[in-house]
Every structure is written in C-alpha cells, then in structure tokens.
Amino acid sequence: MLQSLRTVFARRAALNPRLYPALCSVDGVCSEKRFYTPPTERRKFYENVSISQGEGGFEINLDRRKLKTPQGNVFMVPTEPLAIAVATEWDSQKDTIKFFTMNLTTLCNTVLDNPTMRNKEQLITASLKFLDTDTICYRVEEPPDLVELQKNEWDPVLHLAEKRYDVVIGSSTSIMGPVIPPETKEVFRRHLASHNSWALLGIEFITTQLKSLVLCMGLVDRFLTVEKAIALSRLEEEYQITFWHSSTELMSSHTGQ
C-alpha cells in the first residue's frame, strides 16, 4: 500500500506540478509571476489610516498622504467595502509593515498597475486552463478509503457545478485527467467574461491557490464557504499527512516493543 501511494502521487505530481506545489522545486519553475511580489517588510511610517472618495473610486490615506501603487499610480479601488478591507490591512500593521500579510493590497496593486500587461481575455484564459487539471477532477484508484473520501467529498461539488452551469465536467483516474468537453469550457468562458478585471484577477488568484476553478466558482456562487473550499482543495494532502503520521506511529510502536 505504501508503494502504491508513492506511485500514485509521484506520477500525478510529475504530470501536473500545479496540483502538488510542495513537491516541486522552489526555483520558480512551477510558479508564474503574475502577481506583484511585495517586499518582505518595512518600518512603519504612518500613524493613521483613512478612506476618502475620489473621482472614480475610493482612496486610502496614510496620514495625509495618498497611498500609491509600486508604479506610482494613486491607489484607488471601485467599492467602499474593498477600500475598508485594504485600509484594515494597513491599520493592523504594528511597528513594522509586513507586506506578506497584505494580500488584498498586493492584488489591488496588480490590477491597478497591470505589470504583465494582460488584457481581459488573457485573465479569463489564465483561470480557464485550470479546468483541465482541476484538483477535484483527478481521482485515485487506491487505496479504497481515499477513493471513498474523494467520492463523498468531491462528487457533490462537481454535481452542483454541473447543475449550476448546465455542463458536463466529470472526473477520471487517468493521470491525463478527464477530457473536458469544449462546450463546457465555452460556458465557463462566457461566465468569466461577465466579470470585470478586478473580479477576474481575484478569481485567478483564488483558482491558483485552490488549484481548482470548480472550487473557486463555488465560492463565487456562494454554495461553498471559504473554509470548505480550502478543506476540499487539501483533501489528498490532509489524507497523506494523516496516513504517514499513523504509519510512523505504528512503526514506532513496533520498534519500541
């Protein structure tokens, strides 16, 4: 059984590194530089954070200075709730600004500066390509308890998505994954096209983190909570952790006898 698990996950990691980033090297080969990589931290230089409504959106003020993007553009977001969320990120910083804790600020900077000069169609394609390697569409043939776990946890989500969009997605135990019908991709493409660039970048970011467009759209359509989507995306990883932990304990108990 141990060898079977090693073989299954090794094959799938080799074919689809996006599904198993922890198994990939950290030299950047498996990652794509599509979002700003902020500096690690910086000494805090402001006391108060406020929001003001400007022409075309909402601005963030650090004391009396307007927050700007890395390219020097005025940091302006389209909605007040988003502005409040970003302002909260800045207001929660202590003596040191820890940029790695400010995901919304980073995403907004990426939308505003568009450092990779991508258009709307490219943003749609970036998310849509995950459908071919969607985490919850890849299934194992063994061990039986993992097969059952995937069926019980992932199938209901797939069925909801298929019903919601009136499409066929399916799943497969082949390392090549399921064959997604062109009609299904076109339906998702049209749905993604209904969103603006702000939403599309957010969708791409979430899809990238979950390794699943289906789970991401479940969040967008609100039939999945954030906690549930994350748990489903980590289903196999958590199974492996539990399995290897149990195996280690079992081996230790035998050794100690």
With a/c under 1.5 counting as rounded, go ahead and sort the stretch 94-201 into rounded, prolate or oblate using the C-alpha gyration tensor (a ≥ b ≥ c being the square roots of the eigenvalues; past the cut-off, prolate if a/b is larger than b/c, else oblate). oblate
Starting from the residue with the highest accessible area, list Asp134, Asp63, Asp166 in decreasing order, probe 1.4 Å. Asp166, Asp63, Asp134
Label-point separation in nm, Trp244 to Thr225, each point 7 Å along Cα→Cβ: 2.9
Run the reach check for Lys44 against lysines, Cα to Cα strictly under 18 Å, same-chain hits fewer than 8 apart removed. What comes back? Lys66, Lys68, Lys94, Lys98
Beyond 21 Å (Cα-Cα) in this structure, taken from Lys129/Lys185; Lys129/Lys228; Lys163/Lys185, we find Lys129/Lys228
With all protein chains present, calculate the accessible area of Trp244 using a 1.4 Å probe and round the result to the nearest 10 Å². 90
At a Förster distance of 51 Å, what's the computed FRET efficiency of Ile51 paired with Glu142, Cβ-Cβ distance as r, to 0.05? 0.40
Answer with one residue from Thr101, Thr40, Leu128: the one whose Cα lies farthest towards the positive end of the charge dipole of the stretch 38-145, charges on Cβ with Lys, Arg +1 and Asp, Glu -1. Thr40
For the stretch 35-115, with only Lys/Arg (+1) and Asp/Glu (-1) charged at the beta-carbon, what is the dipole magnitude about the Cα centre, in debye rounded to 20? 280
Determine the shape class of the stretch 134-174: with a ≥ b ≥ c the square roots of the Cα gyration tensor eigenvalues, call it rounded for a/c under 1.5, and otherwise prolate if a/b is greater than b/c, oblate otherwise. prolate
Taking a probe of 1.4 angstrom, what is the accessible area of Lys120 in Å², to the nearest 10? 80
Rounded to the nearest 10 Å², the accessible area of Lys151 using a 1.4 Å probe with every protein chain kept is 110
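The values are calculated or read from the model by the stated rules, or taken from the named source; none is laboratory data. For clarity, every value in this text was computed on a predicted model and none was experimentally measured. In this analysis, Cβ positions are derived from the backbone assuming ideal geometry, glycine residues included, and neighbour counts consider all displayed protein chains. To get the accessible areas, we keep the full protein, side chains included, count just its heavy atoms, and leave off ligands, DNA and RNA. Shrake-Rupley method; radii C 1.70, N 1.55, O 1.52, S 1.80 Å.
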